[in-house]
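Below is one structure, written out as structure tokens; the observations come after it.
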Amino acid sequence: MRLALELILPALLIVCALAVTFSKRLLVSVVIYTSFSLIMSVIWVLLESPDLAITEAAVGAGVSGLLLIYTLKKIHALKGTSDE
Amino acid sequence: MPFVYNFPFFSIFICMISGIVTPLLKNGKWAYRLSLFAAGAGLALSGVLLGRIGPANESFSFMMGHFPAPWGNELSVGPLEAVLATAICLVMLMALLGGSRDIFDDVLPEKQKLYFIMMDEILAALLALTYTNDIFTAYVFIEISTIAACAIVMAKDSAATLVSTMRYLIMSLLGSGLVLIGIVLLYCITGHLLFPNLQQRVLELVATGQYTMPLTVVVGLIVLGLGIKSAMFPFHLWLPPAHGSATTASSSVLSGLVVKGYIILMIRLFYKVFTIAVIRELRITNVIFLFGLAGMIVGSVGAIKEGHIKRMLAYSSVAQLGYVFMGIGLGTDVGIMAACFQILVHACTKPMLFSCASALSAGRHHNKQLYALRGAAYENKLAGVGFTVGALSMIGIPLFAGFAAKVFFASATMAQPVKMWMTLLTLALSTVLNALYYIPAVAALWSRPAEGEAGEKQPSNPAFAISTVAFIAAVFFLGICYQPVVTLIQNGLALL
Amino acid sequence: MEHLLINHYETAAVILFGIGFLNLLLQNNLVKKIIGFGIMDSAVYLFLASQGYIAGRLAPILVGEVANAADYINPIPAGLVLTGIVVSVSVTAFSLALIQRLYQKYKTVNFDEIVLLARQKGDE
Amino acid sequence: MSKMARSKKEKQTSWQRFCTWVNGGTAEQPLLPAEPAKPKKAKAAKPKKQKAQPVRKEWMGLSRFEHIYRICAVLIGVVMVGVLMIAVLQLPLFGSPDNPSVNEVVERYVEKGLEETGAVNMVAGMILDYRAFDTFGESSVLFLAVTCVTMLLMRDRNNTNKEEDLLTAREHVIEGYEEDIILTKVARIVIPCALVYGVYVVLNGHLSPGGGFSGGTIMGSALILFAVSFGMIRMSQFFNYATFRKITSCALMVYAASKAYSFFTGANHLESHIPLGVPGAILSSGLILILDICVGIVVACTMYGFYALFTKGEL
């Protein structure tokens, strides 16, 4: 179980990173990036670093995501339009 | 422990605390005074420290906290660090004085306070980079100086500065990412973060032949990262727009100090962590050497093509940084001594050129194209003289500081025949190229303006006068009585 | 190959670092550039923390009265990563603010377009 | 300049051009006659295009350069990943207890940590006591970041226009009248819980995972939730830019002062006179608790500050 997780989670990280790179819409990128942070915080738990898990969940998934979304709002990239 | 040993710590903390206190002050004027005080205090403390440990030729490490070396943080101080710190504080003080009028013109009144916070923190970060004995502390302060440097570029808040800040920020982030992964790899193979312990482990690793590949990668990544941040040749493209468009004091501080901070850190890492012999063995020095030579030529050619005086000076910074990298690339003590001397020379000359250039353009409605500045030297004689002195020093006329630096570079190459002719040829070529853009600029400044071109005479500005006179004095001091400085640098390098 | 599989976190971290690095370098869209920077930094932290992990040991929070170094993992990487995360979030906030300002000026977040527009207006 | 004069200018001999050049050039001939007046763009090493030419051409020029640039960048990236992979091949194995980073430093942090710092959470003990200088730098980075964001986004005459002002004013009005009932009801329950949890995480920083930074973020998100659900106007009644400045500066001052005290006493081998307390109690581990609280306050304010500046451009 643990081994499977240890192999799947890093693979998921890479998938997320690639998805961020190639997604057409900025909102999708931001959402995927937020989930990237969440996966990261699970990995911190697996790596026995609870401090990092809490911080990553609060900062990476929380505040960074919030700031990114508000930036998207300011640059008018939220209303269902593709950013290209 | 003598009380003097606390001074490096005091100077760093005074700067950081003045940055923290600044938001509570009434307005930008008071923030400016506090920044002047911080730089002045730093200068006084570093000066006293230099007076104490310079002649005695001693070095010490200062525990930051209750725990000794491998466990706690440390500062390490020797003659080289003291000289550099004194120069950094002096240049910061003079740059603030010389650019004060432009700061208050260019930055909005409600944001002036914030600008001076950045200046304080930059000074603190530079001092910390000069003194620190811990590689992760170095990383944190690299980030501080990155953010603050970007902030002082964008403080003018025009469209041009925003675009160039973005470019600068992206390059800086690439650089710090590379430095960070280098540090992480180094920690993984050594298990230490403090310079002396790192050095011990690195030497062990080299002796046993373990982890040779990761070690090479580490050195490469750190050099690449710091090189990007200090505008080493192929990565210099961000520098001219950033330094050319910022307000005067920012340009002075950025080109005089901030890029040097990373180079100083690189030199200290080479000596205190990897040791210069290992670096030579890994052949990293040859790469730096070639990049340095290329930078000298490319920077000068860029400057020749430039019609905007501040961007011309910025390209000239690229060329001058090329000299520094060439000196480091020689991989010998004399070469690095010459590089350190060049750092001092450039730190004293370039801020003066920037502040004089903008003082000259003040009478011409801040038009900084060279053709608009014809005869401007007659309206502000002191600025004209300052610009001329700086230009002559950059070209390398005897008696001026730049000449001494070039002589040191030339004599440093004597031991290495292949590098010698490359260096000498490039030095000669670069001197000619330097003359090709500085001489016309000076000639234009001093030629009689045509009808209707003359600008209005500027009111006298004592702060600017003080800074220019101090810089001119520094240029002549380094050009004529360089011997004590050189001795200090040599002793300092030996003690690193 | 087997080595890479055992060090799978490090391997993943290096790949992520590459992806983030290229994003930061190549993406024209500034927001994606910044996300790329975030990925790059996370990758470095993953690398560092995985080197601090020791199989079968506890998180560095003391259980009981007496501490034995053989029972706990290395606390240093966790501390360094904690510092690093704060630095990244600060830089992210700064860059996003800068992006907003650039959008106000040029009505686009594509950096090439911004550079071209700036050149046309004679700003740079 | 008339057409005649211009054509005359073009026919100048090279000597005349040299003379003009030495004299500082003219508006048409800035420095070197052969060179364009404007600089080549730093990033794009393409030939200078005339302004009159259509944008299309510029795009093509850029894309050609971009093409080469992209290939180079991909190459660099791939090479770097390859080199790092090779480095990973030689690195110590994952999870093995005898890799080089497990050495006397770790041993002391783990075994003497409680005795010397009073912190049960060794990570807190390490970052706030053994290596506190880094952490002070880190807090300064945060302070700098919020200052930079203020510099960029705080409303002033450079970054506002009428259109957006109107929009903001309208939003303000809507905010004032319309309260989303679900949001406010939920917020009334969630905000106190989040605040209490944040305070708990901060105060237990030395005992359990968490600490100033994560706790501060949680408190900050409670503040953000308040602003979202009850509006910035209600928020600014008790939290405006002046309070923000005072709180962050004072918290950082306390941080700096306590760290300066401990560095000074440490370096001069003086007794620090700060009791470490009973291990495991909330009031223990000397300065770590104070530092955690300061960091928590700064981070909470900073996070709210980011939010406020990003949305409204004011605090």
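Read-outs throughout are calculated quantities, based only on the coordinates presented, and are distinct from any laboratory measurement. No experiment lies behind these values; they were computed from the predicted model shown. Every residue, glycine as well, gets a Cβ built from its backbone with ideal geometry; the counts of neighbours run over all protein chains shown.
Listed by Cβ neighbour count within 10 Å, with the fewest neighbours leading, B:LYS381, B:LYS350, C:LYS107 appear as B:LYS381, C:LYS107, B:LYS350. Its Cα centre serving as origin, region D:121-311 has a Cβ charge dipole (Lys and Arg +1, Asp and Glu -1) of approximately 240 debye. Across the options A:SER35, A:ALA4, A:LEU66, the greatest Cα extent toward the positive end of the charge dipole of chain A (unit charges at beta carbon of Lys, Arg, Asp, Glu) belongs to A:LEU66. Assign one of three labels to region D:219-295, namely rounded, prolate or oblate, based on the Cα gyration tensor with a ≥ b ≥ c the square roots of its eigenvalues; rounded applies when a/c is under 1.5, prolate when it is not and a/b is larger than b/c, and oblate otherwise. Because a/c hits 1.5 or more and a/b fails to exceed b/c, region D:219-295 counts as oblate.
With a 10 Å Cβ neighbour count serving as the proxy for reagent exposure, in which order, fewest first, do C:LEU5, A:LEU9, B:LEU49, C:LEU16 appear? Present the calculation step by step, with values, prior to reporting the outcome.
On the way: C:LEU5 10, A:LEU9 17, B:LEU49 23, C:LEU16 27.
With the fewest neighbours first, C:LEU5, A:LEU9, B:LEU49, C:LEU16 line up as C:LEU5, A:LEU9, B:LEU49, C:LEU16.
What does the charge dipole of the protein assembly as shown about its Cα centre add up to, to the nearest 20 debye, if the Cβ of each Lys and Arg holds +1 and the Cβ of each Asp and Glu holds -1? Numbers along the way, then the final one.
Numbers: 74 positive and 61 negative charges, 942 e Å.
For the protein assembly as shown, the charge dipole is close to 4520 debye.
Sorting D:VAL105, D:VAL81, B:VAL77, D:VAL299 on the 10 Å Cβ count, fewest up front, what's the list?
Final ranking by Cβ density, sparse to dense: D:VAL81, D:VAL105, B:VAL77, D:VAL299.
Only Lys, Arg, Asp and Glu count, each charged at its Cβ (+1, +1, -1, -1), so figure out the dipole size of region B:294-496 about its Cα centre, rounded to 20 debye. Please list the in-between numbers first.
On the way: 12 positive and 6 negative charges, 39 e Å.
With only Lys, Arg, Asp and Glu charged at Cβ, the dipole is about 180 debye.
Roughly how far apart, in whole Å, are the Cα centres of region C:72-101 and region D:171-215? Distance between centres, Cα-based: 22 Å. Roughly how many Å is it from the Cα centre of region A:1-77 to that of region B:249-276, as a whole number? If you average the Cα positions of each part, the centres end up 35 Å apart.
Pairs of alpha-carbon atoms within less than 8 angstrom and 6+ residues apart define the contacts here; what relative contact order does chain C have, in percent?
Working: 112 pairs, mean separation 28.5, N = 124.
Averaging sequence separation for qualifying contacts and normalising by length gives 23 percent for chain C.
Report summary: the helix-based calculation at 222 nm, which adds -39500 (n - 2.57) for every DSSP H run with n ≥ 4 and divides by the residues of the protein assembly as shown, gives -24000 deg cm²/dmol. Shape class for chain A, computed from the alpha carbon gyration tensor (a ≥ b ≥ c): oblate, with a/c not under 1.5 and a/b at or below b/c. With the Cα gyration tensor of region C:2-120 giving a ≥ b ≥ c as the square roots of its eigenvalues, does the rule (a/c under 1.5 for rounded; else a/b larger than b/c for prolate; else oblate) give rounded, prolate or oblate? Oblate, since a/c reaches 1.5 and b/c is not below a/b.
Among the listed pairs D:LYS162/D:LYS246; A:LYS73/D:LYS162; B:LYS156/B:LYS457; C:LYS32/D:LYS185, those whose Cα-Cα separation exceeds 27 Å are D:LYS162/D:LYS246; C:LYS32/D:LYS185.
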